[in-house]
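Chemist: Sharing a structure with you now.
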Amino acid sequence: MTLIRDLKRSDHDAARLHLARCWRAAYGPLLSAQQFENLLATLDAPDLGLLAPDGMALAALDHNRGQNPRMVGTVMAAERGDTAYLWGMYVAPDAIRRGIGTQLFNAVLTRISTSDISLVVLESSYAARAFYASLGFRANGSLSMDFGSGQELPAIKMTCPCYER
């Protein structure tokens, strides 16, 4: 059973481990070893270097692993004007295709007031692009994603206007 709940400060170590595992799978092949270590260093901040003070952060916990549930997904989102921005949605590589990403996305939908949603995904993240397309997102431009280490990678802006709830 997977439980979706707010990410808490006490989740720092589990979230750091989860994000490091996900980032290694997603970005490890694209960045040099030093660039990747610099990226991981952003997770050393108390808020993991990710949380917006006026946004939301959710965690997916797998309770099928006995008494110590494992974090298998995270998502961050924030509303700015008429648009909600989704970022930091990561599902553990060994938990992909179990509906966790959809559960996280639906949990965000229940907490936002706008129906326009935007996100940025790496051009090379074909599986992520297909997942978001299955939710109704469409490509709406391109840009470069800065990893804070001098490395920029091609990315695609995707939007889902007037998402029906």
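Chemist: Kindly indicate whether Met158 is buried (at least 19 other Cβ atoms within 10 Å of the Cβ) and over 27 Å from Ser10 (Cα atoms).
Modeler: When the stated conditions are applied, Met158 passes them.
Chemist: Ok, one more. Just checking, how many residues over the stretch 1-35 are in a helix (DSSP H, G or I) and free of Cβ contacts under 8 Å to residues at least 60 places away in the same chain?
Modeler: Residues that pass the stated criteria total 11.
Chemist: Here's a follow-up. So, in the stretch 105-132, exactly how many residues are of a type outside the set (D, E, K, R) and closer than 18 Å to Thr83 by Cα?
Modeler: Adding up the residues that qualify gives 16.
Read-outs: derived from the displayed coordinates by stated rules, not from any lab. Since the model is a prediction, treat every value here as computed from it, not as a measurement. FYI the Cβ positions are ideal-geometry reconstructions off the backbone, even for glycines, and counts take in every protein chain you see.
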